[in-house]
Amino acid sequence: MMDPYSDPSRQLGKFIAALTRQWKEELGSPEASATEAVLRKAHQLLSDVNATRGTGARLLPRLPPEWLDKNPWASPYIQRIDRILGEPLPVDPRPTSGSCPSANVTYFPKPNR
């Protein structure tokens, strides 16, 4: 079973939830638009997370330094996400079977009904 702390999607989801709470608190203030932009970038990274993992892409360079200075609470999230994104994708250690062994997928027969 994969360690939930090493799942970039899960960690990005937690960061996005915290960003959403921050953005709701800031609605109506000038800071809200900057937080909304960070929220969009986090959502974009979440949609690309599997393609991005292991490529050296990171979240930190995508975020405005001014926003980071005003929101130090985000630092642990960003550090954890960037650490995970720098790691290669885990390989499923289970043996494969079926017609496509290089895909590392296990095929199960359909149950008889």
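On inspection, Q22 passes the criterion of being in a helix (DSSP H, G or I), at pLDDT 90 or above and not hydrophobic (A, V, I, L, M, F, W, C).
Among residues of segment 66-97 being surrounded by 11 or more Cβ atoms within 10 Å (Cβ to Cβ) and modelled with pLDDT under 55, the one that is farthest from E31 (Cα to Cα) is S97.
Which ones in segment 25-59 are basic (K, R), assigned to a helix (DSSP H, G or I) and modelled with pLDDT under 90? Hit for segment 25-59 is K41, nothing else.
The values are calculated or read from the model by the stated rules, or taken from the named source; none is laboratory data. None of these values were measured; they are calculated from a predicted model. A quick note on method: Cβ atoms are made from the backbone with ideal geometry, for glycine too, and the neighbour counts reach across all protein chains shown.
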